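Q: Dropping a structure here in structure tokens format, bear with me for questions.
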Amino acid sequence: MSASISLQESIKVGYLGPQGTFCHQAAKNRFGNSMTYVPCNSIGDIFSTVSKGDVNYGVIPIENIIFGSVIQTLDSFKLPSNSSIVVLSEVYLPLKQSLLSNSDLNHINKVYSHSMAFGQSMAWLKANLPKAELVEVNSTALGAQIASKEPNSAAVANSLCADMYGLNILESDISSEPGNVTRFFVIGIHNDKTIVKRAEKMLVMFTVDHSNAGALCMALGVFSKHNLNLTAINSRPANDSFKPDPKVKNWHYMFFVEAAIDSTGDYDSCSQIADQVIIDLKQSCSLVKLLGIYPNML
Ligand SMILES: O=C(O)C(=O)C[C@]1(C(=O)O)C=C[C@@H](O)C=C1
């Protein structure tokens, strides 16, 4: 075995397991076949495995072009126990949701899958399996594993799971719209120039003081002042469990703003601009955190 392959095998990458998930495929597309891939039971587990240093990197879904943001991922960023996590890179995975089963379509009464995969194929499921019970499980491949052992059941999953788990492909593309794509993040616990050599985008998380009219507008004004193009905005509830900041109350929100930094991809200049944005946001926002700078892979 060559030295570089054995070095790569010592690098561990956490993904949403079991094998055959889209997350697994995105991880392999990004890192190749010679890394050690570590399956995790949930998105939250990927975060904690990376936080504890049990793996070098984690690959997590962030949004799907049909069904939108992955809230388990956003909520994991919010947790104080994940405060050391940074985003290092993004991966776009074009994908097809398939219906896998060992039964005929008209005998299926239960379908297993991840909530995001159901969201992407709901129109087809309603039209073709209107009476089937849809059972949410932690991943599409876990759904395939369960369906392979249960008569009259099916899974919505990657067609690669058919061979892996001994299922037939009843329908190979049941996504509600053509051009289905999920975006993933590669996360780690510190900026790592071995995998990130360029940076063009930043992701920041913050809350605003709701007692000030125009507080969010002021925060977004910081991006405009630095001439940065916003590429995504998400918000999740940030309730009063967010100690130690007494300003964060129930029905406050944690905002996640992603912006393209107008630069040549130069990591250091991107980092300087991002740091300046953080300093300016701290004037009007609380709990401000730079979640990462990374290349634009679109
Ligand atoms: O369950 C999987 O296969 C996953 O990788 C998770 C996930 C997601 O959470 O969005 C990833 C891609 C697809 O959008 C569906 C599910």
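Throughout, read-outs are computed from the coordinates displayed, never taken from laboratory work. None of the values given here were measured: they were computed from a predicted structure. Cβ coordinates were reconstructed from backbone atoms using ideal geometry, including for glycine residues, and neighbour counts include every protein chain displayed.
Q: By how many degrees, between 0 and 90 and to the nearest 10, does the Cα long axis of helix 215-225 differ from the longest principal axis of the chain?
A: It is inclined by approximately 80 degrees.
Q: Same structure again: Taking 0.36 nm per residue of sequence separation and subtracting the Cα-Cα distance, how much length would be gained by fully extending the chain between Ser235 and Asp173, in nm to one decimal?
A: 19.2 nm
Q: Does anyone have the angle between helix 140-149 and the longest principal axis of the chain? Alpha-carbon axes, 0 to 90°, nearest 10?
A: 20 degrees
Q: Do any trypsin sites (Lys or Arg not before Pro) in segment 73-176 lie in a loop, going by DSSP, with at most 10 other beta-carbon atoms within 10 Å of their beta carbon, and if so which?
A: Lys131
Q: Shifting gears a bit: Within 10 Å of each candidate Cβ there may be at most 10 other Cβ atoms; applying that plus a DSSP loop requirement, which chymotrypsin sites (Phe, Trp or Tyr not before Pro) in segment 130-217 survive?
A: Those that pass, being in a loop and sparsely packed, number zero.
Q: Quote to one decimal, in nm, the extra length available between Asn296 and Asp163 on full extension: 0.36 nm per residue of separation minus the C-alpha distance between them.
A: In short, 44.5 nm is gained.
Q: Give the separation of the Cα centroids, segment 191-223 to segment 65-142, in Å.
A: 28 Å
Q: Starting from 0.36 nm per residue, how many nanometres of slack lie between Thr194 and Ile11 once their C-alpha separation is accounted for?
A: Difference between extended and current length: 64.7 nm.
Q: May I pose another question? Got a sec? How would Cys40, Cys23, Cys270 order by Cβ neighbour count within 10 Å, fewest to most?
A: Going from least to most buried by this count: Cys270, Cys40, Cys23.
Q: Here is a further query. I want to verify a result. In a Gaussian network model of the chain, Cα cutoff 10 Å, which of these has the top mean-square fluctuation: Pro246, Pro237, Pro178?
A: Among Pro246, Pro237, Pro178, the largest GNM mean-square fluctuation belongs to Pro246.
Q: Right, next: How would you rank Ile11, Ile174, going from fewest to most other Cβ atoms within 10 Å of each one's own Cβ?
A: Least crowded to most crowded, the residues run Ile11, Ile174.
Q: Shifting gears a bit: Could you work out how far helix 267-284 tilts from the main Cα principal axis of the chain, as a 0 to 90 degree angle to the nearest 10?
A: Value to nearest ten degrees: 70.
Q: If I model a spin label at Glu150 and Lys52 as a point 7 Å from the Cα along the Cα→Cβ vector, what separation in nanometres do I get?
A: Going from the Glu150 label point to the Lys52 one covers 2.8 nm.
Q: Please list, by residue number, every one of the chymotrypsin sites (Phe, Trp or Tyr not before Pro) in segment 243-298 that is coil in DSSP and has at most 16 other beta-carbon atoms within 10 Å.
A: Here the sparse-neighbourhood loop sites are Trp251.
Q: Can you compute the label reach from Asp268? Point 7 Å from Cα along the Cβ direction, backbone N cut-off under 19 Å, restricted to segment 189-209.
A: 191-201
Q: I've got another one for you. Mind running the shape call on segment 184-261? Use the C-alpha gyration tensor, a ≥ b ≥ c as the square roots of the eigenvalues: rounded below 1.5 for a/c, prolate if a/b tops b/c, oblate otherwise.
A: oblate
Q: Taking H as built 1.01 Å from N, whose amide H comes closer than 5 Å to the amide H of Gly292, not counting residues under 5 places away?
A: It is Val87, Leu203, by chain and number.
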